[in-house]
1. Which of the residues spanning region 146-193 are free of Cβ contacts under 8 Å to residues at least 24 places away in the same chain and under 11 Å from the mean Cα position of the chain (by Cα)?
2. Would you check which residues across region 70-80 are touching a residue at least 40 places away in the same chain (Cβ under 8 Å) and either surrounded by fewer than 16 Cβ atoms within 10 Å (Cβ to Cβ) or farther than 22 Å from A150 by Cα (or both) and list them?
3. Looking for whichever is of a type outside the set (K, R) and either in contact with a His (Cβ under 8 Å, 6 or more places away or on another chain) or modelled with pLDDT under 95 (or both) here; the options are G155, G134. Which one fits?
4. What are the residues in region 9-31 that are in contact with an Asp or Glu (Cβ under 9 Å, 6 or more places away or on another chain) and without any contact (Cβ under 8 Å) to a residue 40 or more places away in the chain, if any?
5. Inside region 86-125, can you point out the residues that are surrounded by fewer than 20 Cβ atoms within 10 Å (Cβ to Cβ) and among the β-branched types (V, I, T)?
6. Among all residue pairs at least 6 apart or on different chains, which show Cβ distances below 9 Å where the first residue, located in region 130-145, is without any contact (Cβ under 8 Å) to a residue 12 or more places away in the chain and the second is not charged (D, E, K, R)?
7. Residues T133, T146: which one is under 30 Å from A58 (Cβ atoms), buried (at least 16 other Cβ atoms within 10 Å of the Cβ) and of a type outside the set (A, V, I, L, M)?
8. For region 32-75, what are the residues that are closer than 14 Å to L5 by Cβ and part of a strand (DSSP E or B)?
Amino acid sequence: MKLWLIRHGLTALGEAGKYQGRLDEGLCAAGRARLLCAGWKPEHVYVSPALRAKETAAILFPEARQIEVPGLREMDFGLFEGRSWQEMEHDGQYRAWVDGGCEGQCPSGENRTDFTARVCAAVEGILQAEAETGCEDTVIVAHGGTQMAALERWGTPRREYYRWQTPCGCGWLLEWNQAEHTLQVLEQIGFPA
C-alpha cells in the first residue's frame, strides 16, 4: 500500500519560526496561496484535528471526507508554544530541553518518547485498517513532528528524527510493507502553487 504522509501548509506562527504544537492556528494567506489541489481524488483523508491540517487537506483534496485522528496531533511543546528559539535562548528550561537533544519533557507538555509512541500507534492503526479493506493509497495530512516520529521508527532508508523534516505543504510518498513494518521512501512530494 502507498502512504502519502503530508505536512500541513504554512501558518503565521511557522512563518515567524515559533513553536506551534497544540496552538490551533489556521493557515496564513501565504500558506493557502502556496498549495494547489493534488489533482487526484481519494475517498477519504486522515487528518490531525488541528485546523492547519484540516485546511491543508481541504485545499489538496477538496472532495475527500476527512477523518480526524487525535493521535496525529503535533507534539505538545507546553510553555514553549507561541515562542521562537530566539525568544527563549536564555530561558533555563528551554536550554535544558535543547541541551538534552529535545527529547526530555517540555514544561507542561510532552516528551519525545511519549509523543512518538502516540503518533506511531495512530499511524499503525490507520495502516492496519486500510490494509484490511484492501486500500491501495492512504493519505495522512498532519505535522512535521508526526512525519518525523513515524519515519524515524519505520522509514527506510534509516534516518534520525530531524533528517525526515520537510517544508510546510510537503511530505513523502511511501510504500508500507506490513510484513516487515517498514515505510520505504518512493519520493519526496510537495504541492506548491
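1. M148, W164, Q165
2. Initial filter on region 70-80 (touching a residue at least 40 places away in the same chain (Cβ under 8 Å)): 70-78, 80.
Correct list: P70, F80.
3. On the way: G155 fails: either in contact with a His (Cβ under 8 Å, 6 or more places away or on another chain) or modelled with pLDDT under 95 (or both).
On inspection, the qualifying residue turns out to be G134.
4. Filtering region 9-31 for residues in contact with an Asp or Glu (Cβ under 9 Å, 6 or more places away or on another chain) gives 9, 11-14, 18-23, 26-28, 30-31.
A12, G26, L27, C28, A30 - these are the residues of region 9-31 that are in contact with an Asp or Glu (Cβ under 9 Å, 6 or more places away or on another chain) and without any contact (Cβ under 8 Å) to a residue 40 or more places away in the chain.
5. Correct list: V98, T113.
6. Here the result reads G134/M1, each pair linking region 130-145 to a residue that is not charged (D, E, K, R).
7. Result of the check over T133, T146: T146.
8. V45, Y46, V47
The values are calculated or read from the model by the stated rules, or taken from the named source; none is laboratory data. Values in this document were obtained by computation on a predicted structure and should not be read as measured data. With ideal geometry, Cβ positions are generated from the backbone for all residues, glycine too; neighbour counts draw on all protein chains shown.
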